[in-house]
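Novice: Just dropping this structure here.
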Amino acid sequence: MSRFHLVLFAAFELACTSLVRSPEIAANSDETIAVAGVRILNTRDVVSRKLGRELGVVKEEATFCDSELTVFYVGFEAYFCNSSLVNLATRSKRFRTPTGLHVGMTATEAIRRQGTPEVLDSEGDKRLVYRSRNQFSALVLHVQQGRLSEIELWCDFT
């Protein structure tokens, strides 16, 4: 199953949970929902300019779009739907969000910098979710042993 399909299922799971949005949950500007200068819906050309040379491309079975591709860059895996970025993930400590978040920092420090998240916890995979104000994209921080293990951008389907 491709990363895009996993993200879609995770978004569906989020929509179906009994999480109640409270006023304490941070409303993030679109500018903070980025990593290494890349944002959801950037074109493949823009992403390649920001992340560098493509290391590999896997054409996925088109389920939701006319064209679905997974593209690998140094430190990143990107998923494109009709040439628009819908998912980006990194496990590299080299890259940062606009608020300075990076893989390896403590979840406590991430929350201090980014604000109060929605928290998803399923089968030991804890995720801190920050949605943009327009509810169209989300910054997802994966946490293991109290530290960020992966930073992901989602096209927010919920």
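Novice: In what order do Leu120, Leu139, Leu85 fall by count of nearby beta-carbon atoms within 10 Å, going from fewest to most?
Specialist: Values: Leu120 17, Leu139 27, Leu85 22.
Listing Leu120, Leu139, Leu85 from fewest to most nearby Cβ atoms yields Leu120, Leu85, Leu139.
Novice: Turning to a different aspect of this structure: Using each residue's phi in segment 55-69, evaluate 6.51 cos²θ - 1.76 cosθ + 1.60 at θ = phi - 60° and report the 3J(HN,Hα) Karplus result to the nearest Hz, with x for Gly and Pro.
Specialist: Those phi angles translate into 8, x, 9, 10, 7, 8, 5, 6, 9, 10, 9, 5, 9, 10, 10 Hz.
Novice: For the residues Ser132, Ser48, Ser122, what sequence is obtained by ranking on other C-beta atoms within 10 Å, fewest first?
Specialist: The order, fewest Cβ neighbours first, is Ser122, Ser48, Ser132.
Novice: Then there's this: Can you sort Ile111, Ile151 by how many other beta carbons sit within 10 Å, fewest first? Don't skip to the end; give the middle numbers.
Specialist: Details: Ile111 17, Ile151 25.
Lowest to highest Cβ neighbour count: Ile111, Ile151.
Novice: What is the sum of charges, Lys and Arg at +1 and Asp and Glu at -1, for the other residues whose Cβ falls under 10 Å from the Cβ of Val103?
Specialist: +4
Novice: Are there GluC sites (Glu not before Pro) in segment 27-72 that DSSP puts in a loop and that have at most 13 other Cβ atoms within 10 Å, and which ones?
Specialist: Hits after loop and neighbour filter: Glu61.
FYI, it's all coordinate maths here, none of it is from the lab. Owing to the predicted nature of the structure, the values given are computational and were not obtained by experimental measurement. Cβ sites come from the backbone with ideal geometry, for glycine too, and all protein chains shown count toward neighbours.
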